[in-house]
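**Student:** Below is one structure. I have some questions about it.
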Amino acid sequence: MSAASPALAAVTALLYAANPLLLAAIQARNPQHDPVRDPVSDYGVGTARPLFQAYGTAGTLAAALLALLFWQAGLSSFLLLTLTGAVATRVGVVLVPTDLEGAPRTRTGRLHMLLAVASFTLYYMAIDSATPLLAAQATTELAGALHALRTAVTAGLAGLVACLVLPPLRWAFGFAERVFLIAVPVWGLGACVVLAAPR
């Protein structure tokens, strides 16, 4: 694995660092949404939409730049394809609004859900495959953190799926989603450190 551009890695890391902070800011300004129950996409409907779009755009740009870092490092085509696919579907998640809980289901809302599921799955596939490669080049501490974050991403995605298919668990959907959406950018930060390190 080759070293990637330190400057590009720094910009990518800043975007990833901003992501959880933006999510926290959205929640703080919109306390009517329950972070344990309600999907993050609910922020994309109503007065919170501009901040939600800023949050989504930052995360999408970070993923796109991470794909470029993967390419610079000479990582596999599979990783580039899965992360690029995650970027493409994330664009749709940001632009296509969801249906709020209790509101009539619409084609737009169903499309949003499909794009979100695809984005989460593709991002998980990229992280799952990239973690062993990056951990092999990292310090012991950072390697351990990357593996732990991959576990958190896996748990978050599994929780999301469980909440979707098992109605009694629906109350925890927001929590499972936030585990995923916080673990992903923190993992991205770690990935940036490894990719920019001298070889």
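**Student:** Using a 1.4 Å probe over the heavy atoms of the protein chains, calculate the carbon and sulfur portion of the accessible area of the chain as a whole percent.
**Tutor:** 73
**Student:** Divide by every residue of the chain the summed helix terms, -39500 (n - 2.57) for each DSSP H run of at least 4, and state the resulting mean residue ellipticity at 222 nm, rounded to the nearest 500 deg cm²/dmol.
**Tutor:** -26000 deg cm²/dmol
**Student:** In nm, to one decimal, how far is the modelled label at Leu21 from the one at Val117, with both set 7 Å along Cα→Cβ?
**Tutor:** 3.5
**Student:** Identify, among Gln72, Thr84, Val194, the residue whose Cα sits farthest towards the positive end of the charge dipole of the chain, taking +1 on the Cβ of Lys and Arg and -1 on the Cβ of Asp and Glu, with the dipole about the Cα centre.
**Tutor:** Thr84
**Student:** Please give the Cα centre distance for segment 148-167 versus segment 5-40, rounded to the nearest Å.
**Tutor:** 19
**Student:** Could I ask something else about it? Suppose all protein chains stay in the model; what accessible area per residue would a 1.4 Å probe give for segment 6-196, in Å²? Mind showing how you got there, number by number?
**Tutor:** Values: 8730 Å² over 191 residues.
Result: 46 Å² of accessible area for each residue.
**Student:** Using only protein heavy atoms and a 1.4 Å probe, report how much of Met125 is accessible, in Å² to the nearest 10.
**Tutor:** The accessible area comes out at roughly 60 Å².
**Student:** Taking a spot 7 Å from the Cα of Thr154 along the direction of its beta carbon, which residues of segment 177-199 have an amide N less than 19 Å from it?
**Tutor:** 177-188, 190-191, by backbone N distance to the label point.
**Student:** I would also like to ask the following. At what distance in nm do the modelled label points of Ala197 and Val36 sit from each other, each positioned 7 Å from its Cα along Cα→Cβ?
**Tutor:** With each label point 7 Å from Cα toward Cβ, the separation is 3.9 nm.
**Student:** Between Leu164 and Leu14, how many nm apart are label points set 7 Å from Cα along the C-beta direction?
**Tutor:** 3.5
**Student:** In addition: What is the sum of charges, Lys and Arg at +1 and Asp and Glu at -1, for the other residues whose Cβ falls under 10 Å from the Cβ of Ser41?
**Tutor:** Surrounding charge for Ser41 is -4.
**Student:** Ordering Arg150, Arg105, Arg29, Arg178 by accessible area with a probe of 1.4 Å, largest first, what comes out?
**Tutor:** Arg29, Arg105, Arg150, Arg178
**Student:** Could you report the accessible area of Val179 in Å², rounded to 10, computed with a 1.4 Å probe on the protein chains as they sit in the structure?
**Tutor:** 50
The values are calculated or read from the model by the stated rules, or taken from the named source; none is laboratory data. Note that this is a predicted model, so its numbers are computed, not measured. Cβ atoms come from the backbone with ideal geometry, glycine included; neighbour counts cover every protein chain shown. Note: accessible area is taken over every heavy atom of the protein model, side chains too, but ligands, DNA and RNA are not part of it. Shrake-Rupley method; radii C 1.70, N 1.55, O 1.52, S 1.80 Å.
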